[in-house]
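Written out below as structure tokens is the structure these notes cover.
The values are calculated or read from the model by the stated rules, or taken from the named source; none is laboratory data. These numbers come from a predicted model, not from an experiment. Quick reminder, even Gly has a Cβ in these numbers, built from the backbone with ideal geometry, and neighbours come from all protein chains shown. Calculation scope for accessible area: heavy atoms of the full protein, side chains included, ligands and nucleic acids excluded. Shrake-Rupley method; radii C 1.70, N 1.55, O 1.52, S 1.80 Å.
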Amino acid sequence: MSREIRIATRKSALALWQAEYVKARLEQAHPGLQVSLVPMVSRGDKLLDAPLAKIGGKGLFVKELETALLENEADIAVHSMKDVPMEFPEGLGLFCICEREDPRDAFVSNTFDSQDALPAGSIVGTSSLRRQAQLLARRPDLKIQFLRGNVNTRLAKLDAGEYDAIILAAAGLIRLGFQERIRSFISAEDSLPAGGQGAVGIECRSADSEVHALLAPLHHADTADRVIAERALNKHLNGGCQVPIACYAMLEGNDLWLRGLVGQPDGGRLLRAEARAPRQDAEALGVQVADALLKQGAAAILAEVYGEAGHP
Ligand SMILES: NCc1[nH]cc(CCC(=O)O)c1CC(=O)O
């Protein structure tokens with residue numbers, strides 16, 4: 001095989017891990033294939049001190065990578081599915097979803113074993129409105145303090161004593177070798193994950209059928225069907241991981257079970273909906289659960305969040 005595959009990736013430790021993972025899987029599936037990394041800085045990486053909802057919402061982490069694909073400076077872009085917008089630029093698409101890592105949120109602390117063990121008034125670090133809403137709904141006595149940055153930065157801030165605990169995606173911690181920092185996994189019942197959390201997706205040019213064929217062995221159909229249902233819900237609510245929307249699909253035999261949640265950031269109200277459907281109807285299932293949330297008033301909650309963030 002003469003062709004080289006160039007992988008566009010962000011430079012954070014987690015992004016590089018994911019790109020190296022895809023590189024290794026491609027080389028394993030296609031002995032002799034040349035695979036290289038093209039690391040780049042995204043707008044989201046440059047603006048680390050503002051809540052994501054306030055600095056222009058979706059796509060903050062993927063735009064530069066997509067430009068590289070469109071300008072033929074790279075052949076594939078590796079993303080955390082949680083951060084991938086619902087729509088793709090003309091000429092690009094998502095052609096591969098790899099097997100999902102643990103999708104749950106993780107409780108990390110140097111003092112306490114779980115959310116329930118936190119004394120009243122404890123300070124919990126997160127900048128995810130989804131995590132904040134669900135935590136405050138259960139524990140209105142806790143204080144949420146803003147925390148952004150890559151995984152290493154967040155752990156360093158915890159270690160510096162700025163927080164009693166922080167919440168991170170288990171997947172990122174596991175991938176970077178920080179599994180032992182996880183004091184407990186937070187169940188989907190207590191913290192419904194973000195759509196796509198724990199899954200790595202690969203974007204490439206829609207016309208590049210040679211690359212599509214090379215990616216095929218990395219595609220994981222079970223993960224893909226779950227993530228398709230979750231993304232359909234997000235799309236119907238016009239949401240991403242920067243808004244208080246959670247959704248999580250599981251396979252039960254040939255059926256998908258999709259749960260969705262929209263919450264007020266202060267945890268005052270959590271709307272929940274769920275449904276089951278055959279896996280081939282993943283997209284319709286996402287729309288159905290989103291509609292059930294809209295019927296309960298999700299649009300008003302989301303409009304309020306977007307209003308505060310200063311963009312529609
Ligand atoms: N929004 C940042 C982001 N995007 C993906 C992950 C973790 C890994 C994953 O979900 O695949 C994280 C960090 C976090 O939420 O703790």
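Structure notes:
- Here the range 110-127 is the region considered, the condition is being within 15 Å of the ligand (Cβ to nearest atom) and at pLDDT 95 or above, and the residue that is surrounded by the fewest Cβ atoms within 10 Å (Cβ to Cβ) is T126.
- Residues satisfying the stated conditions in the range 68-87, i.e. modelled with pLDDT under 95 and assigned to a loop (DSSP other than H, G, I, E, B): V84, P85, M86, E87
- Residue list for the range 268-289, restricted to those being open to solvent by 10 Å² or more (accessible area, probe 1.4 Å) and either under 15 Å from Q132 (Cβ atoms) or not aliphatic (A, V, I, L, M) (or both): G268, R269, L270, R272, E274, R276, P278, R279, Q280, D281, E283, Q288
Residues are listed down the side, and each one gets a yes or a no for (1) of a type in the set (F, W, Y); (2) under 30 Å from T9 (Cα atoms); (3) not assigned by the TED database to the domain that holds H30:
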{"site": "S127", "(1), (2), (3)": "no, yes, yes"}
{"site": "E162", "(1), (2), (3)": "no, no, yes"}
{"site": "E180", "(1), (2), (3)": "no, yes, yes"}
{"site": "V211", "(1), (2), (3)": "no, yes, no"}
